[in-house]
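One structure below.
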Amino acid sequence: MSNKVFNPSSEFSANAHVGNMDQFREAYDISVQDRNAFWAEKAERLSWMKKWDSVGDFNFANADIKWFVGGKLNVSYNCLDRHVEAGNGKRTALIWEGNNPTEDQHFSYEELLSEVQKFANVLKNLGVEKGDRVCLYMQMVPQLPVAMLACARIGAIHSVVFGAFSPDSLRDRINDSECKILITQDTGVRGKKQDISMKANADKAVSQTPSIEHVIVVDRTGESVDMVDGRDVWWKEEMSNVNADCKPVEMDAEDPLFILYTSGSTGKPKGVLHTTGGYLLYTNYSFEQVFDYKKEDIYWCTADIGWITGHSYIVYGPLSNCATSVMFEGVPNFPDYGRFWEVVDKHKITLFYTAPTALRALMKEGNDWVTKYDLSTLRLLGTVGEPIKEPEWMWYHSIVGKEKCPIVDTWWQTETGGIMMTPLPGAIPTKPGSATFPFFGIEPVLLTESGEEIEGNDVSGLLAIKSSWPGQMRTLYGDHDRFIDTYFSQFPGYYFTGDGARRDDDGYYWITGRVDDVLNISGHRIGTAEVEGGIGKASGVAEAAVVGFPHDIKGQGIYAFVTLMTGEEPSDVIINDIRSRVANDIGPHAKPDKIQFTPALPKTRSGKIMRRILRKIAEGDTDNMGDISTLADPSVVESLVAGAI
């Protein structure tokens, strides 16, 4: 853990929504002491067709969670119509930045509203009704948020499937929620890939999905694809046959808004279900507070809409605040490693939200890719997806942010709907690698393995949440028993996050990684994130991943997979530096027993390290790797096996 502390600048604090720790503490105390009054006041931020009868109503024993009971609203109306009615129709809602740097598109709020109403009518013409499920299998094209908002407008439930998933993965997700319609595109472009098989993959999936009645195809590349008569229709043709007048349907606050699948420990994906009122309020309010959003900001979250970050902080959070949100079809290293910074310069981005894995990849290539662009418009930086480690935090702070931008290191999950722990940028001094404090209304606790709350500071435990919040998932689609079993049964009365955490002397929270990523070395519980942070401080190291392997004496040993900065070569000097850094940071018991240098780590297309693969290699069980089709580059596995120690 870092002992460095960075205070918000007086200039930033003076203009921030929350400008000092006293303001934060006062508002936070109210938010947990009188939860219903706090959220009732915040709910006035939204436009309601009918006010609620009661605010929060939840019972963690049977996982029965409701917010704004009896309230009626429409998400699409809150993201579009009300802004147009308030005179903001000409404001830019969405900037689409294509894979090719010469391609971009701007959509005003009135233009986006027109597209959404037209596509809502397309869906209705194809027989979609309130409560029907619609699957969206697309790359980062503008039609994706249009389709999401059109579903919300007519009360259909969208299920976005990440555009890089295989036909089998798509099939399983469609069948689990019995989707009526599939929306896809002809082919996709991403980085150097100019012909990603989207429609062909969709056809393979749909051959085994009896619930699908129609497939709507976006013409993205103009590539020739097979179209099935009577089933398949072109987006553009259908849009030309409808008008732009579709009234928003009145939805109950607890009506489902979307299903989003996340991987489960058993292998069967879990269909996380979020509802209308509470989810929209939570993303709306957290977006404004965490990113200190002001109406002149241009905000860019680099995530894919196929994941929860894209749902909450590209689409629903920003648009419900009448913000300008950037969506990006490409990747950080195409056409070169300066692409992120070229986009920041081009669109004058002020708020930038990305993943530590992207920062490590860019940091590895040196500073020149950053410094050649004008990043002077940036005023806030954020991270999401995993705990950020000190080396990339410091690089982000000094090279990207020029030591003037606060960094909001956010911790949350698909299941939580929105950000749960974060610095508030004008109020909370930051420590590199710490998510600092809970957001308003969130009550984290650290538990022992027997479920006792651990009091005080300078302690570690299992991270749980002791009361509900509006953005909390309501169930796993079609499997409420699994919902209870996964999140509420291990520690009755709490929502268990599955993560471990440390609360330091100052009460700051440090996420130590998934509980199943905790190593037990000679009786010492060590989080993989802590060890990786220590390794990352060693000279020449770009990124590291550690796993356990069977050890005759310690029970478990530590096996480190390490990638080096471009131009660095493995050496005993680096090995010694790695071991001494970890010993200094955590203690000699945490020094890696084995260090394997590798050009790359096995990552999914969303950038997550597939530790299951690394464990198999570390354990010498390379004959039983399981499915590696979701890896961005499956060939990485071969080189890892060949280099195993």
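The values are calculated or read from the model by the stated rules, or taken from the named source; none is laboratory data. As the structure is a prediction and not an experimental result, all values here were calculated from the model. Glycine also receives a Cβ, built like all others from the backbone with ideal geometry; neighbour counts cover every protein chain displayed.
For the reader, a short list of remarks on this structure follows.
- Enumeration of residues in segment 469-514 that are among the acidic types (D, E) and under 21 Å from G418 (Cα atoms): D499
- When V531, V582, V573 are checked against the criterion of being under 18 Å from L614 (Cα atoms), assigned to a helix (DSSP H, G or I) and either at pLDDT below 95 or more than 27 Å from the chain's Cα centre (by Cα) (or both), V531 stands alone in meeting it.
- When the criteria are applied in full, I613 fails the requirement of being hydrophobic (A, V, I, L, M, F, W, C), at pLDDT 95 or above and either closer than 18 Å to K389 by Cα or crowded, with 16+ Cβ neighbours inside 10 Å (or both).
- Extreme residue, surrounded by the most Cβ atoms within 10 Å (Cβ to Cβ), among residues of segment 323-338 that are under 30 Å from A86 (Cα atoms) and not small (G, A, S): T324
- Residue among Y279, Y313, Y337 that alone is more than 22 Å from Q143 (Cβ to Cβ), among the aromatic types (F, W, Y) and part of a helix (DSSP H, G or I): Y279
- Checked against (1) outside any strand (DSSP E or B); (2) crowded, with 16+ Cβ neighbours inside 10 Å, N100 passes all but a single condition, namely (2).
- Test: residue in segment 535-550 that is over 28 Å from the mean Cα position of the chain (by Cα), touching a residue at least 24 places away in the same chain (Cβ under 8 Å), under 24 Å from P444 (Cβ atoms) and assigned to a loop (DSSP other than H, G, I, E, B): no
So that you can scan it fast, the table gives a plain yes or no per residue for (1) at pLDDT below 95; (2) assigned to a strand (DSSP E or B); (3) under 25 Å from I349 (Cα atoms); (4) of a type in the set (D, E, K, R):
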| position | (1), (2), (3), (4) |
| --- | --- |
| W48 | no, no, no, no |
| G56 | no, yes, no, no |
| I65 | no, yes, no, no |
| G87 | no, no, yes, no |
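- Taking the listed residues T276, T283, T184, the one that is touching a Leu at 6+ places or on another chain (Cβ under 6 Å) and under 30 Å from H480 (Cα atoms) is T276, with no other qualifying.
- Condition met for G418 (outside the structural domain of T598 (by TED's automatic domain parsing), crowded, with 23+ Cβ neighbours inside 10 Å, touching a Phe, Trp or Tyr at 6+ places or on another chain (Cβ under 6 Å) and over 24 Å from D585 (Cβ atoms)): yes
- Any chance S265 is in contact with a helix residue (DSSP H, G or I) (Cβ under 8 Å, 6 or more places away or on another chain), at pLDDT below 95, among the polar types (S, T, N, Q) and assigned by TED's automatic domain parsing to the domain that holds T354: yes
- I65 of a type in the set (V, I, T), within 30 Å of P335 (Cβ to Cβ), buried (at least 21 other Cβ atoms within 10 Å of the Cβ) and touching a residue at least 40 places away in the same chain (Cβ under 8 Å): no
- Among the residues of segment 600-630, those identified as under 18 Å from T563 (Cβ atoms), outside any loop (DSSP other than H, G, I, E, B) and free of Cβ contacts under 8 Å to residues at least 60 places away in the same chain are T604, I613, I617.
- The helices (runs of 4 or more DSSP H) found wholly in segment 349-437 and carrying at least 3 residues that are touching a residue at least 40 places away in the same chain (Cβ under 8 Å) occupy 356-363, 390-395.
- Some residue of segment 11-24 being of a type in the set (S, T, N, Q), touching a residue at least 24 places away in the same chain (Cβ under 8 Å), under 22 Å from L257 (Cβ atoms) and not in a loop (DSSP other than H, G, I, E, B): no
- One residue stands out among those in segment 500-525 that are β-branched (V, I, T) and in contact (Cβ under 8 Å) with a residue 24 or more places away in the chain: the one that is surrounded by the fewest Cβ atoms within 10 Å (Cβ to Cβ), which is V515.
- Selected residue (only one of A544, A529, A583 is of a type in the set (G, A, S), surrounded by 14 or more Cβ atoms within 10 Å (Cβ to Cβ) and out of contact with any strand residue (DSSP E or B) (no Cβ under 7 Å at 6 or more places or on another chain)): A583
- When T497, T486 are checked against the criterion of being part of a helix (DSSP H, G or I), in contact (Cβ under 8 Å) with a residue 12 or more places away in the chain and within 19 Å of K466 (Cα to Cα), a single residue qualifies: T486.
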